[in-house]
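A short reminder: the numbers here are calculations on the coordinates, not readings from a lab. Predicted model only: the values in this text are computed from it and were never measured. For neighbour counting, all protein chains shown are included, and Cβ atoms are generated from backbone atoms with ideal geometry for every residue, glycine included.
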Amino acid sequence: MEKRLLFIYYQNIKAGGVSKVLSNLVNELVNEGYKIDILFLMEKHKDFYLIDYRVTKHYVNSFAYWTWSLTEFNRRRLRFIPKIQSVNNYIYQLGATLLMNKWLKENHKKYDHIISCWYKLSCTLAINKDVSHKTIAWEHINHQVGGFFYNNLKSKYKNLKAVVSLTKIGFEYYKKINPKSYVIPNIMSETFEELEFIPTHEKENIILMPTRLDHEKNVLDFLEIINDTDLKNWKVKIFGDGTQKDQLLDFIRQKNMSNVMIYGAISSSDIIKEFKKSKIVCLTSLKEGLPTVLIEAIFSSNVLIAYDCPSGPAEIINENNGFLIPLRDKNEFKKQLAYLIENPESLNNLMKSSFSDSKKWKKKSVIEKWKLILNS
């Protein structure tokens, strides 16, 4: 008898790590014979990341609910109140939870397992007695993220069927709450898995940073490093959108950084082309889950340089594929970047070993780990 699974997430309308790996996983699981549904907590929309036609999608619009209207009022009339945005975040999540629970009350019996794709959703499902026993929390971000309220609610993860973490650090934390905890890395798309090694003469002297442009991703540190580095004939490409985009563009203009370009978010097919052209991929994040872009980078023969932030880069970066830099140590980051630019032979050797290192992230073992949980 085929298993019927329900995944729950907010949206698939724009570039984002969770939406990307969600589409990758459901597309593989449907090929394994599972019946897959997804509940999105917003109005019906065109998918940014391709989802297999056999996957059934449902929508409940959290932005048409009364709680969203309340947050809009607060933004217009009460923006002078300190931390009003934090209050609005809780109000929005309340509405999303109420809508989700209403939909589940009517539909949950159809499903063998429910996979929650964000910790805020997992926290509320863990206290929903109708569904907690068949819910799997799929954690995508450092376990410390969430603040006092959600981190206290995580104690209720003991009620869940299982908790899936991306990192060993997350696993060690959650297994103390729920012994049915597992480490399963994100699955890569078929397009990346099919790539062969790309030699340096087929690439360009490009340093790539694909990331959101917000505080957590700390792109300003990267720009300051680039500004202090002799790039010679190298170019820097940054792909992404976010709240700090204007600030970052202003910095580039003020420093006359003509070799640095910020582009908006682009499609999956286009970002693969950029990975195939670049030689070095950088991240200066302050927090991560398991950054998929670093794994995609080694599949496409890139060398990695990233801050050792909590908690994902350390589980990807090693001596074979790049440099793990102490958090916010801009001098060390600059030193290793300059080394790669000035030593093309060392760069080429690292590109080769980086690609070889990608084999351990192949999807076959990832799918088998998921099947062990889903078939139990």
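Reducing the stretch 39-71 and the stretch 226-271 to their Cα centroids gives an inter-centroid distance of 31 Å.
Within the shell of other residues whose beta carbon sits under 12 angstrom from the beta carbon of residue 260, the net charge comes to +3, with Lys and Arg scored +1 and Asp and Glu -1. Note on residue 83 and residue 190: their simple-model spin labels are 4.9 nm apart, each label 7 Å out from Cα toward Cβ. Sorting the segments 279-287, 244-252, 6-14 by their residues' average number of neighbouring beta-carbon atoms within 10 angstrom, most packed first, yields 279-287, 6-14, 244-252. As a rough guide to protection, the peptides 368-375, 117-124 ranked by mean Cβ packing within 10 Å, highest first, stand as 117-124, 368-375. Could you pull out the pairs from 237/273; 276/330; 276/360 whose alpha carbons sit more than 24 Å apart here? Those over the limit are 276/330. When the convex hull of the C-alpha atoms of the stretch 190-361 is computed, what volume per residue in Å³ does it have? Convex hull of Cα atoms, per residue: 102 Å³. Angle of helix 66-77 to the longest C-alpha principal axis of the chain, folded into 0 to 90 degrees and rounded to 10: 50°. Near residue 3, once Lys and Arg are set to +1 and Asp and Glu to -1 for all other residues with Cβ below 9 Å from its Cβ, the sum equals 0.
What the Cβ-Cβ distance of residue 255 and residue 343 gives, at R0 = 30 Å and to the nearest 0.05, is a FRET efficiency of 0.70.
If the segment from residue 106 to residue 375 were pulled out straight at 0.36 nm per residue, it would be longer than the present Cα-Cα gap by 94.4 nm. What the Cβ-Cβ distance of residue 64 and residue 214 gives, at R0 = 41 Å and to the nearest 0.05, is a FRET efficiency of 0.95. Here the simple spin-label model places points 7 Å from the Cα toward Cβ, and for residue 129 and residue 308 these points are separated by 4.8 nm. Near residue 59, once Lys and Arg are set to +1 and Asp and Glu to -1 for all other residues with Cβ below 9 Å from its Cβ, the sum equals +1.
Relative to the current alpha-carbon distance between residue 57 and residue 263, full extension at 0.36 nm per residue lengthens the span by 71.1 nm. Does anyone have the angle between helix 268-277 and the longest principal axis of the chain? Alpha-carbon axes, 0 to 90°, nearest 10? That helix lies at roughly 20 degrees to the long axis.
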